[in-house]
Amino acid sequence: MEHVTRRTQVLRNHLLLQSSPPGLLSPNHCVSYSPPDVAEPLSFNPTDMRILLDAHNLPDRDWLFGLFTQSHLFNPLPRGAKVFVLPDYNQPMEQQREVTMERIWYMLEKGVYEGWLTDTSPEAQMRRFALLEVIGIYDHSLAIKLGVHFFLWGGAIQFFGTKSHHDKWLRDTENYAIKGCFAMSELGHGSNVRGIETVTTYDSNSGEFVINTPCESAQKYWIGGAAEHATHTIVFSQLNINGKNQGVHAFIAQIRDADGNVCPNIRIADCGHKIGLNGVDNGRIWFNNVRIPRENLLNSVADVSPDGQYLSAIKDPDQRFAAFLAPLTTGRVNIAIAAIYSSKTSLAIAIRYSLTRRAFSVTPNGPEVLLLDYPSHQRRLLPLLAKTYAMSFAGNDLKKIYVKRTPESNKIIHVVSSAYKATFTWHNMRTLQECREACGGQGLKTENRVGHLKSEYDVQSTFEGDNNILMQQVSKALLSEYVATKKRNKPFKGLGLEHMNKPCPVIPSQLTSSNVRCSEFQVNAFCLRERDLLHRFATEVSKYQAQGQSKEYAFLLSYQLAEDLGRAFSERIILQTFIEAEATVSAGPLKDILSLVRSMYALICLEEDAAFLRYGYLSTDNAAVVRKEVTKVCSELRPHALALVNSFGIPDAFLSPIAFNWIDANAWSSVHH
């Protein structure tokens, strides 16, 4: 009753204030902006944290941020006392596409792409990652347009081609003398690449391949760059030699001449307006007896002799097909990392806003409360912040593995990149939605970025591999490793499963605040979940096979365990990379805050995954301890929230007006007449 009376008084005061005559209002009644940077103490140096988070090429990143702010091409937007650099998503689709190409030319002139394809050293690849991350922070369309050209078209030539292809195509690609795209997806087949219907035959009389679209479902679909700008494409097609289908192969085909005219026997249509990424000209392509030279087969995996003999050192069709999917690994790495930086952007905006926006008072006549001082608001944003930190360290680790890849490491890169692509992009969409809601009505404005980023990044869940299918691939790889290891009767080695060689971890019967924050407990809990789920998954698949089901169908019937296992694998390796990053930091304030963020990551994973309760890894009492501890850690992270998002190193100009003085940004004086 006392609570009801107090809330009634608060609401009465609000109503009396709003109904007072205008002349009686004093300036003290007006909401004012107070910069959080003044009120929020720093317990650690955000610059040191940024070095840990970005990990590499910080000067290159800052150089590119600077280039963007120097040109009107990047749409400077004055708001209050600040100028923001934001794409104008209110432009028609055609203008968005045109300005995306203009920005590409601008960066070409400034030397941004130097060595992106012609220098394959680890250092050059890490620079390329860093610059693409900055580009993605500015505009996802721009990053995707570049990604298609360099990493799909260019990557296919690098991975599938041989020296003659590299010499002929890579330099011209890097200099944009040609503009490439990547024609894999079809109207009838997306994730199931093996089922694509485009057909290529070989004419030994002319020494040419002949590409055909035999039916409407075989039209190439969603091909980035195809609608307007691309001059060449990689065509993925079934290769039919002497009446025998040799499976999917990759070919280079020209689709436009130097003047932009569509080549003979090729038809191109626009995919039209999309919910996001309208700066990318996605198109559809039909081929009608399109002839290309024999040399345009990308032949690192297989070749066709002048007289029409099929040649390949890889005799197994399954292994040969797997080799053709290599460029998608690059794409998945890029997509996963881009999702992290999108989450960083939205969290920086939402948390900065919540440190200056007030709503309601909790005492009669008292001041209104900052949004982030509400425990519920902390619960909404700070666990997502911790997950973003954890995924940032995991992404850095993936990049290191990728740039130092060997034939032996290709499997782990495929599995981890698939797991991260799904996990990070799902996390990003959840983060964007929560940040949009946390910004209230301001989150709906395009210039405030968060709401619109949802549309821009939604595609990440399905392109270059549907997330659900990728996670099934992860579980299938783990199952294969499990079965093979048991068959050999040897210790586990690979895919991070070495923890299964140790005794099964035991969870304390009674958890406390102290032991749930211990990294040893956290790792044990995550490893227990993964090893048990892998055993359950293998047992269930085996049971279905014993009942007469095929291995593939048995796997499909066990999809729920497969999903649980994929999540367990991903979250466990993310936690381990966090702990490894934490171990590189000397004792002090930075290490202390990292420990707190890591505990938040581990605890929120324990709380959110029903598998911990479903399979009995946590008792209901222990689950209650975890839940209570999440709330406690939120309150402990609250004083560090500003420093944690400032550590992302995203310049003010690349955030949004509500991240700063949102009153000045919306003042009448800022309205353009």
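The requirement of being in a helix (DSSP H, G or I), assigned by the TED database to the domain that holds Leu382 and among the small types (Gly, Ala, Ser) is fulfilled nowhere in the stretch 612-621; no residue meets it. For the stretch 28-72, a residue qualifies if it is within 22 Å of Ile658 (Cβ to Cβ) and of a type in the set (Gly, Ala, Ser), and the qualifying residues are Ser32, Ser34, Ala39.
Here is a yes/no grid of residues against (1) in a loop (DSSP other than H, G, I, E, B); (2) at pLDDT 95 or above; (3) touching a His at 6+ places or on another chain (Cβ under 9 Å); (4) within 20 Å of Ile178 (Cα to Cα):
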| residue | (1), (2), (3), (4) |
| --- | --- |
| Asp259 | yes, no, no, yes |
| Pro264 | yes, yes, no, yes |
| Arg267 | no, yes, no, yes |
| Gly272 | yes, yes, no, no |
| Gly279 | yes, yes, yes, yes |
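Tally the residues that are in contact with a helix residue (DSSP H, G or I) (Cβ under 6 Å, 6 or more places away or on another chain) and either under 21 Å from Ala665 (Cα atoms) or without any contact (Cβ under 8 Å) to a residue 24 or more places away in the chain (or both), restricting the search to the stretch 360-371. Counting residues in the stretch 360-371 that are in contact with a helix residue (DSSP H, G or I) (Cβ under 6 Å, 6 or more places away or on another chain) and either under 21 Å from Ala665 (Cα atoms) or without any contact (Cβ under 8 Å) to a residue 24 or more places away in the chain (or both) gives 1.
Identify all residues within the stretch 529-581 that are of a type in the set (A, V, I, L, M) and more than 20 Å from Met600 (Cβ to Cβ); write none if there are none. Residues satisfying the conditions are Leu533, Leu534, Ala538, Val541, Ala546, Ala554, Leu556, Leu557, Leu561, Ala562, Leu565. When Ala611, Ala659, Ala602, Ala624 are checked against the criterion of being in contact with an Asp or Glu (Cβ under 8 Å, 6 or more places away or on another chain) and within 22 Å of Gln378 (Cα to Cα), a single residue qualifies: Ala659.
Checked against (1) modelled with pLDDT of 95 or more; (2) open to solvent by 40 Å² or more (accessible area, probe 1.4 Å); (3) within 20 Å of Ser455 (Cα to Cα), Gln96 passes all but a single condition, namely (2). Within the option set Ser455, Ser480, being touching a residue at least 24 places away in the same chain (Cβ under 8 Å), out of contact with any Phe, Trp or Tyr (no Cβ under 7 Å at 6 or more places or on another chain) and either crowded, with 18+ Cβ neighbours inside 10 Å or small (Gly, Ala, Ser) (or both) holds for one residue only, Ser455.
Filtering the stretch 95-113 to residues that are part of a loop (DSSP other than H, G, I, E, B) and in contact (Cβ under 8 Å) with a residue 12 or more places away in the chain leaves Lys110, Val112, Tyr113. Within the stretch 137-184, track down each residue that is acidic (Asp, Glu) and surrounded by 24 or more Cβ atoms within 10 Å (Cβ to Cβ). The one that is acidic (Asp, Glu) and surrounded by 24 or more Cβ atoms within 10 Å (Cβ to Cβ): Asp139. Right, Phe129: assigned to a helix (DSSP H, G or I), within 23 Å of Glu464 (Cα to Cα), open to solvent by less than 10 Å² (accessible area, probe 1.4 Å) and free of Cβ contacts under 8 Å to residues at least 40 places away in the same chain or not? Against the criterion (assigned to a helix (DSSP H, G or I), within 23 Å of Glu464 (Cα to Cα), open to solvent by less than 10 Å² (accessible area, probe 1.4 Å) and free of Cβ contacts under 8 Å to residues at least 40 places away in the same chain), Phe129 does not qualify.
In this entry, Val585 passes the filter for residues that are under 20 Å from Ala394 (Cα atoms), at pLDDT 95 or above and assigned to a loop (DSSP other than H, G, I, E, B). Within the stretch 347-378, how many residues are within 31 Å of the chain's Cα centre (by Cα) and polar (S, T, N, Q)? So the count comes out to 4.
Could you list all residues from the stretch 306-320 that are open to solvent by less than 20 Å² (accessible area, probe 1.4 Å) and over 36 Å from the mean Cα position of the chain (by Cα)? Across the stretch 306-320, the qualifying residue is only Gly308. Can you find a residue in the stretch 404-416 that is closer than 26 Å to Gln460 by Cβ and surrounded by 21 or more Cβ atoms within 10 Å (Cβ to Cβ)? Yes, because at least one residue in the stretch 404-416 is closer than 26 Å to Gln460 by Cβ and surrounded by 21 or more Cβ atoms within 10 Å (Cβ to Cβ). Looking for something outside any helix (DSSP H, G or I), of a type in the set (Gly, Ala, Ser) and closer than 23 Å to Tyr601 by Cβ - is there at least one such residue anywhere in the stretch 501-522? Scanning the stretch 501-522 turns up no residue that is outside any helix (DSSP H, G or I), of a type in the set (Gly, Ala, Ser) and closer than 23 Å to Tyr601 by Cβ.
Residue by residue, here is whether (1) assigned to a helix (DSSP H, G or I); (2) over 17 Å from Gly276 (Cβ atoms) holds:
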| position | (1), (2) |
| --- | --- |
| Gly441 | yes, yes |
| His452 | yes, no |
| Ser455 | yes, no |
| Phe463 | no, no |
| Ser475 | yes, yes |
| Leu479 | yes, yes |
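The sole residue among Asp466, Asp397 that is modelled with pLDDT under 95, surrounded by fewer than 24 Cβ atoms within 10 Å (Cβ to Cβ) and closer than 29 Å to Leu381 by Cβ is Asp466. Starting from residues that are of a type in the set (Val, Ile, Thr) and either under 29 Å from Tyr138 (Cα atoms) or open to solvent by less than 80 Å² (accessible area, probe 1.4 Å) (or both), keep the ones in the stretch 15-64 and report whichever is modelled with the lowest pLDDT. This residue is Val38. Within the stretch 213-241, the set of residues being surrounded by fewer than 21 Cβ atoms within 10 Å (Cβ to Cβ), closer than 14 Å to Glu186 by Cα and out of contact with any Ser or Thr (no Cβ under 7 Å at 6 or more places or on another chain) comprises Pro214, Cys215, Glu216, Ser217. Look at Leu642 and say whether it is surrounded by 18 or more Cβ atoms within 10 Å (Cβ to Cβ) and assigned to a helix (DSSP H, G or I). Criteria met by Leu642. Among residues of the stretch 543-562 that are within 17 Å of Val474 (Cβ to Cβ), those with a beta-carbon under 6 Å from a residue that is among the β-branched types (Val, Ile, Thr) at least six positions away or on a different chain give the pairs Phe555/Val541; Ser558/Val541.
The single condition among (1) of a type in the set (Gly, Ala, Ser); (2) open to solvent by less than 10 Å² (accessible area, probe 1.4 Å); (3) outside any strand (DSSP E or B) that Gly190 does not satisfy is (2).
With respect to the conditions (1) farther than 27 Å from Ile135 by Cα; (2) under 25 Å from the mean Cα position of the chain (by Cα), Asp259 falls short on a single one, namely (2). For the stretch 592-610: of the residues being in contact with a helix residue (DSSP H, G or I) (Cβ under 9 Å, 6 or more places away or on another chain) and surrounded by fewer than 21 Cβ atoms within 10 Å (Cβ to Cβ), which is nearest to Phe578 (Cα to Cα)? So the residue we want is Ser595. Within the stretch 80-93, the residues that satisfy the criterion of being open to solvent by 50 Å² or more (accessible area, probe 1.4 Å) and in contact (Cβ under 8 Å) with a residue 12 or more places away in the chain are Ala81, Lys82, Val83, Asp88, Asn90. Taking Leu637, is it in the same structural domain as His377 (by the TED database) and assigned to a helix (DSSP H, G or I)? Judged against the criteria, Leu637 is a match.
The values are calculated or read from the model by the stated rules, or taken from the named source; none is laboratory data. Given the structure is predicted, the values throughout are model-derived calculations rather than measurements. Virtual Cβ from ideal backbone geometry, glycine too; neighbours counted across all protein chains shown. Surface areas here come from the heavy atoms of the whole protein model, side chains and all, with no ligands, DNA or RNA. Shrake-Rupley method; radii C 1.70, N 1.55, O 1.52, S 1.80 Å.
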